[in-house]
Amino acid sequence: MLIGLAVLVGLLSLGFVYEQAARRKDARRPPAGDMMDIGGYRLHLTDTGQGSPTVVLIHGAGDSSYSWIHIRQELFKFTRVITYDRAGMGSSDSGPEPTPDHTIKELNTLLDKTGAPGPYVLVGHSLGGLIARLYALKYPEQVAGLVFLDSTHEFLKDDVKFKRGFAVVGFMLRLLRLMSSFGIPRFLGNILGLIPMYSNEHSYYKQQLSAEEYMQWKAMVYRIMAGKTAEAEFRCAWAHLEVAADQLNNSTKKPQFGDLPIAVVNNPGFGVQWTEMQKELSSRSTNHIHKTSDRKGHSLQMPRPKYVREAIHHVVEQVQERKGRTLAESHKIGANLL
């Protein structure tokens, strides 16, 4: 027994040294973008491309903008694109508790600081979809279109099974944080090729990203697992659901977003009920499209990047066409006045 204990202590010590050395190496790799002070802490962002409208990518809970590298590279060919990591995620500094009020204020402050003119097309994945909706309801004049990718839905607020699932994920993240000090998640990923929380999409990440981008993404995954914010995001997701559900129930506008261009894409792996909820989400505008992927995987940008790009491009085109019609009508009115 003493020999077994000594072996365990020895392995944990080796794991601790391995993890610390890897973290120092990761820290020497510069962020894939810029760091912007938004008042007391800095957020990591990328701001690339030119044109209008500006597309803003909002990652899901426990994720980062590094999951969107290949999507961003396609989007900035035809318009301006901003990605960012919420406080404590990706390359961003730690910040306040990720409550609904904070996540909306944080996004608004960041967009103000970038100087990117609105209105924006917000693209929200999972929890990011909820954040996009809350932002659009608070700042409707700043949103020109919405894209929801496997977005968390308000109806889930009263779903016991879903709530248990969130609790399980929270527990797993807490466990991974404890294990991270001894390099266990990193060992599983780097040596055995098993990245916790990404078992379904891991192979797609390898296919879609370059070798360097894949290394950056993995470094962010390990950093997130070692921190407390991912767990806090899953815990606070319920507050986002409650706020969004209250706003939906109390909304006097039908549909909720009028004729705002909306595109919804969902994965088929969560079942028929999930797909029906995504259809309901698309119906919140009279100007919408909805598509279900033919491949499973919650992080849709990996198994089906084409679907994601097409959905975003569709909304961008809708916004540009609408802007073109408005300008043409203004010119016509001006000509008539003359």
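Per the Debye formula on identical point scatterers at the alpha carbon atoms of the chain, with no solvent, log10 I(q)/I(0) at q = 0.10, 0.14 Å⁻¹ is -0.60, -1.14. Pairs exceeding a 26 Å alpha-carbon distance, out of 163/253; 157/254; 163/296; 25/228; 253/279; 105/296: 163/253; 105/296. Give the shape of segment 240-322 as rounded, prolate or oblate, defined through the alpha-carbon gyration tensor: a ≥ b ≥ c are the square roots of its eigenvalues, a/c under 1.5 means rounded, and otherwise the shape is prolate if a/b is larger than b/c and oblate if not. It comes out oblate by the Cα gyration axes. Listed from fewest to most Cβ neighbours within 10 Å, the set 141, 201 follows the order 141, 201.
A Förster radius of 56 Å, combined with the Cβ-Cβ distance separating residue 138 from residue 25, puts the computed FRET efficiency at roughly 0.85.
Quick one: net charge around residue 248, please, counting Lys, Arg +1 and Asp, Glu -1 for every other residue with C-beta under 12 Å from its C-beta. Net charge in that neighbourhood comes out at +1. Residues within the reach of a label modelled at residue 270 (point 7 angstrom out along Cα to beta-carbon, backbone nitrogen below 17 Å), restricted to segment 50-92, are 58-64. For residue 168 and residue 252, what does the FRET efficiency come to when R0 = 45 Å and r is the distance between their Cβ atoms, rounded to the nearest 0.05? With a Förster radius of 45 Å, E is 0.75. The local environment of residue 282, defined by Cβ-Cβ distances under 12 Å, has a net charge of +1 under the rule Lys, Arg +1 and Asp, Glu -1. Angle between the Cα long axis of helix 2-27 and the longest principal axis of the chain, 0 to 90 degrees, nearest 10? Rounded to the nearest ten degrees, it is 40. Qualifying trypsin sites (Lys or Arg not before Pro) in segment 19-50, where qualification requires a DSSP coil assignment and no more than 14 other C-beta atoms within 10 Å, comprise 28. Using only alpha carbon pairs under 8 Å that are at least six residues apart, calculate the relative contact order of segment 2-320 and give it in whole percent. Relative contact order for segment 2-320 comes out at 20 percent.
So, in Å, what gap is there between the alpha-carbon centers of segment 88-139 and segment 149-191? Segment 88-139 and segment 149-191 have Cα centres separated by 22 Å.
Could you pull out which residues in segment 177-218 have an amide N less than 17 Å from a spot 7 Å beyond the Cα of residue 295, following the Cα-Cβ vector? Residues 198-211, 214 fall inside that zone.
Please determine, in degrees from 0 to 90 and to the nearest 10, the orientation of helix 211-226 with respect to the longest principal axis defined by the Cα atoms of the chain, where the helix direction is its Cα long axis. Value to nearest ten degrees: 70. What's the angle, to the nearest 10 degrees (0 to 90), between helix 100-114's Cα axis and the longest principal axis of the chain? For helix 100-114, the angle is close to 70 degrees. Each Lys and Arg contributes +1 and each Asp and Glu -1, all at the Cβ; summed about the Cα centre of the chain, the dipole is approximately 500 debye. Per-residue Cβ neighbour counts within 10 Å put 67, 285 in the sequence 285, 67, beginning with the fewest.
Here, each number is a calculation from the coordinates, and none is a lab measurement. Predicted model, so just to flag it, every value in this text is computed and none were measured. Note: ideal-geometry Cβ built from the backbone for every residue, glycine included; neighbour counts use all protein chains shown.
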